[in-house]
């Protein structure tokens with residue numbers, strides 16, 4: 001009996017040791033990966049607080065700033081209208097996201113709950129659009145916006161981005177998780193489709209909708225190719241293509257610290273947005289990937 005107790009204790013100790021080793025290795029790997037991911041951002045912030053002379057005098061890059069300064073941030077806002085670029089991007093992001101949410105919510109509701117002839121065929125056609133390369137869509141959109149005379153306008157910037165087949169599909173899958181019996185019961189009580197959508201479906205699927213909003217905000221804020229194609233007037237530049245303007249006509253190619261300061265100013269809102277809503281993002285993604 002004593003021998004069995006001793007063997008059981010040894011097995012427990014071995015299991016605990018193995019668990020501790022696996023946990024330690026996991027933390028080491030995760031810590032290493034975190035350092036690799038965060039280091040570029042750290043280097044960007046570090047470079048932004050180094051003076052131009054200090055940065056250029058470093059034959060071997062230093063991982064700290066001996067004389068930190070905020071002069072580069074002042075230069076970023078005074079050399080070019082960076083504040084104007086941020087305001088343009090904010091307008092573009094808010095309007096585009098609002099319109100897109102309105103479009104995809106109604107479209108997803110129609111595909112998920114409404115019965116009409118050819119619904120499945122139309123939805124299949126929508127999904128087929130995802131197979132078309134973005135480059136072809138951009139060319140078509142460019143020709144359409146140009147022919148309508150909407151270049152160098154916020155309308156031309158916003159219109160091609162007010163819908164997304166992927167987000168419609170994602171939201172439709174969430175709406176379909178809500179039992180049809182609930183919808184039929186609401187119809188028996190005389191509830192309209194619009195009221196059912198806003199009072200029942202949207203509150204239930206709020207995590208996914210919030211996730212879509214955040215992802216769309218990030219997408220709009222980082223948009224580069226389309227704004228670069230459709231605008232050649234600096235009055236309509238967004239922060240993404242404004243960076244190129246900063247580099248070419250503002251701070252110059254050699255003033256890397258001031259360039260990094262501008263990039264930090266542009267990046268911080270997205271970092272804060274993600275940190276504040278990270279739990280909602282994960283909740284929305286996990287809900288979108290679970291059915292039943």
- [ ] Select from region 205-226 the residues that are assigned to a loop (DSSP other than H, G, I, E, B), under 19 Å from residue 267 (Cα atoms) and touching a residue at least 40 places away in the same chain (Cβ under 8 Å) and list them in ascending order.
- [x] 222, 223
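Considering each of 159, 229 in turn, give the residue that is in a helix (DSSP H, G or I) and either modelled with pLDDT of 90 or more or within 20 Å of the chain's Cα centre (by Cα) (or both). Before you say what the answer is, go through the steps one by one.
Numbers: 229 fails: either modelled with pLDDT of 90 or more or within 20 Å of the chain's Cα centre (by Cα) (or both).
Only one candidate qualifies: 159.
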Task: Failed condition for residue 126, given (1) assigned by TED's automatic domain parsing to the domain that holds residue 217; (2) free of Cβ contacts under 8 Å to residues at least 24 places away in the same chain - done: (2)
TODO: Return yes when residue 198 is without any contact (Cβ under 8 Å) to a residue 60 or more places away in the chain and more than 30 Å from residue 53 (Cβ to Cβ) and no when it is not.
DONE: yes
Task: Breaking point among (1) surrounded by fewer than 18 Cβ atoms within 10 Å (Cβ to Cβ); (2) in contact with a helix residue (DSSP H, G or I) (Cβ under 6 Å, 6 or more places away or on another chain), for residue 121 - done: (2)
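For residue 145, state whether it is at pLDDT below 90 and over 30 Å from residue 176 (Cβ atoms). Write out each step before concluding.
On the way: at pLDDT below 90: no; over 30 Å from residue 176 (Cβ atoms): yes.
No, not satisfied.
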TODO: Inspect region 188-204 for any residue being in a helix (DSSP H, G or I) and within 26 Å of residue 90 (Cα to Cα) and give the result as yes or no.
DONE: yes
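Being surrounded by fewer than 21 Cβ atoms within 10 Å (Cβ to Cβ) and under 16 Å from the mean Cα position of the chain (by Cα) is the filter here; which residues of region 67-92 pass it?
If the condition is that a residue be surrounded by fewer than 21 Cβ atoms within 10 Å (Cβ to Cβ) and under 16 Å from the mean Cα position of the chain (by Cα), then 90 is the only one that fits.
Condition check ((1) crowded, with 17+ Cβ neighbours inside 10 Å; (2) assigned by TED's automatic domain parsing to the domain that holds residue 144; (3) closer than 30 Å to residue 65 by Cα) across all residues:
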residue	(1), (2), (3)
161	yes, yes, no
164	yes, yes, no
174	yes, yes, no
178	no, yes, no
187	no, yes, no
194	no, yes, no
201	yes, yes, no
219	no, yes, no
239	yes, yes, yes
Open item on the list: Quick check on region 1-10. Is at least one of its residues part of a helix (DSSP H, G or I), modelled with pLDDT of 85 or more and on the phi < 0 side of the Ramachandran plot?
Closed with: no
Open item on the list: Please return the ranges of helices (runs of 4 or more DSSP H) entirely within region 30-134 where 2 or more residues are out of contact with any strand residue (DSSP E or B) (no Cβ under 6 Å at 6 or more places or on another chain) and within 30 Å of residue 195 (Cα to Cα).
Closed with: 82-113, 119-129
Task: Yes/no for residue 139 being over 21 Å from residue 216 (Cβ atoms) and in the same structural domain as residue 222 (by TED's automatic domain parsing) - done: yes
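The values are calculated or read from the model by the stated rules, or taken from the named source; none is laboratory data. Keep in mind that what you see is a predicted model, and the values were worked out from it rather than measured. Positions of Cβ are generated from backbone atoms using ideal geometry, with glycine treated the same way; all protein chains shown enter the neighbour counts.
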